[in-house]
Ligand code: PLP
């Protein structure tokens, strides 16, 4: 990944009345060391983040990403991010992205330095990987047990399952396991047999004429890309649904996709060695929509 730009933010209190936050931003060299050794994001993965897809310098679904950052902060007992401050930071960073093509902006809010007074916050910009082949040719996935039941998130909110925390070691381990099994990616399933999400993406199934995704009931992240695609599908008159999806439904799917902010819609070509047809035209129309400027 080529890092283009990075900005450290001095986080404002959520009720800070300022309208211009330029003075709270400090540009840093993205290739130079920047964090203190006492930083809790690196010591404990204690913090939250967002990855925003950027097309021709336009940050996609910024409102939904800022909403989710605030939701994650609440779940993690982090100070409420000042929405306008973060919006302005993204605006500044987006200007440094490639004028043409795809980039990725990351927002990071960590608990800060151990015994330190404030959280640490920063925003980065990098060129996105070329995902055109995967969008066209698709991915093979395997189902992997997430190790908890569908009701665990409600019983154990301290597991932070609906927050986008920096603790992604488990998610990365799942992708490595999928690769060991000859696939490209994974779909997590609950230990009592319900479909959840991929380690870095949401799952959408087409069953007959309906588009279905597992309900974000606390155990999974509510994907901004899935949310946006459902709005688009509804505008086109398609039926969409959030459901508690049993694993057996995977075999009934006529088509399936993993959706995420940077890779966008990756069609699934096989689930656990059961081949799945790819609707190339529909997938291309999804990605065309997802690459168009979205709020
Ligand atoms: N679920 C998980 C666990 C993720 O990490 C991600 C994105 O990184 C998603 C779903 C998809 O979210 P989005 O579409 O907002 O990128």
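Coordinate-derived values only; no laboratory data. Remember, predicted model here, so these are calculated numbers, not experimental data. Glycine gets a Cβ as well: all are built from the backbone with ideal geometry, and neighbour counts include every protein chain shown.
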**Folded to 0 to 90 degrees: helix 62-75 orientation relative to the chain principal axis, Cα** = 80
**Spherically averaged projected area of the chain from its Cα convex hull (nm²)** = 15.6
**Message:** For region 133-290, what are Rg and Dmax over the alpha carbons, in angstrom?
**Reply:** 14.6, 42
**Fill in**
The alpha-carbon center of region 9-43 and that of region 266-295 are separated, in whole Å, by 37
**Complete:** Length gained if residue 132 through residue 91 is fully extended, taking 0.36 nm per residue and subtracting the Cα-Cα distance, is 12.2 nm
**Prompt:** Under a plain spin-label model, where a point goes 7 Å from the Cα along Cα-to-Cβ, how far apart in nm are residue 168 and residue 181?
**Reply:** 2.1
**Prompt:** When the scattering of region 84-215 is computed by the Debye formula from its Cα atoms alone, each counted once and equally, what is log10 I(q)/I(0) at q = 0.13, 0.20 Å⁻¹?
**Reply:** -0.82, -1.27
**Asked** Which percent of Cα pairs goes in each bin when the distances of region 3-128 are cut into 5 angstrom slices starting at zero?
**Response** 2, 11, 22, 24, 22, 13, 5, 1, 0
**Request:** Starting with the highest mean, order 8-14, 199-205 by the number of other Cβ atoms within 10 Å, averaged over the residues of each peptide.
**Result:** 199-205, 8-14
**Request:** Calculate how steeply helix 169-180 sits against the longest principal axis of the alpha-carbon atoms of the chain, using the helix alpha-carbon long axis, and give the answer as 0 to 90 degrees to the nearest 10.
**Result:** 40
**Message:** If you restrict to DSSP beta bridges whose two residues both lie in the chain, what percentage is antiparallel, to the nearest 5?
**Reply:** 80
**Prompt:** Using alpha-carbon positions, what is the distance between the centroids of region 96-118 and region 145-171, in Å?
**Reply:** 23
**Message:** What is the angle, in °, between the Cα long axis of helix 224-235 and the longest principal axis of the Cα atoms in the chain? Nearest 10 is fine, range 0 to 90.
**Reply:** 60
**Message:** Given points 7 Å out from each Cα along the Cα-Cβ axis, report the residue 145 to residue 56 separation in nanometres with one decimal.
**Reply:** 4.9
**Asked** Between residue 292 and residue 32, what is the spin-label point distance in nm, taking each point 7 Å from the Cα along the Cα→C-beta axis?
**Response** 4.4
**Request:** Calculate, for residue 3 and residue 248, the FRET efficiency according to 1/(1 + (r/R0)^6) with r their C-beta to C-beta distance and R0 35 Å; round to the nearest 0.05.
**Result:** 0.20
**Request:** Arrange the peptides 28-38, 214-224, 116-126 so that the one whose residues have, on average, the most other Cβ atoms within 10 Å appears first.
**Result:** 214-224, 116-126, 28-38
**Asked** How big is D for region 59-103, in µm² s⁻¹ as a whole number, if Stokes-Einstein is applied with the Kirkwood radius of its Cα pairs at 4 °C and 1.567 mPa s?
**Response** 112
**Modelled label reach - residue 43, point 7 Å along Cα→Cβ, region 7-21 residues with backbone N closer than 13 Å** = none
**Item:** Mean ellipticity per residue at 222 nm, deg cm²/dmol - from DSSP H runs of n ≥ 4 across the chain, formula -39500 (n - 2.57)
**Value:** -7500 deg cm²/dmol
**Prompt:** Sorted by average packing, counted as other Cβ atoms within 10 angstrom per residue and highest first, what order do 16-25, 248-257 take?
**Reply:** 248-257, 16-25
**Complete:** Using the Kirkwood formula on alpha carbons, the hydrodynamic radius of region 73-124 in angstrom works out to 12.6
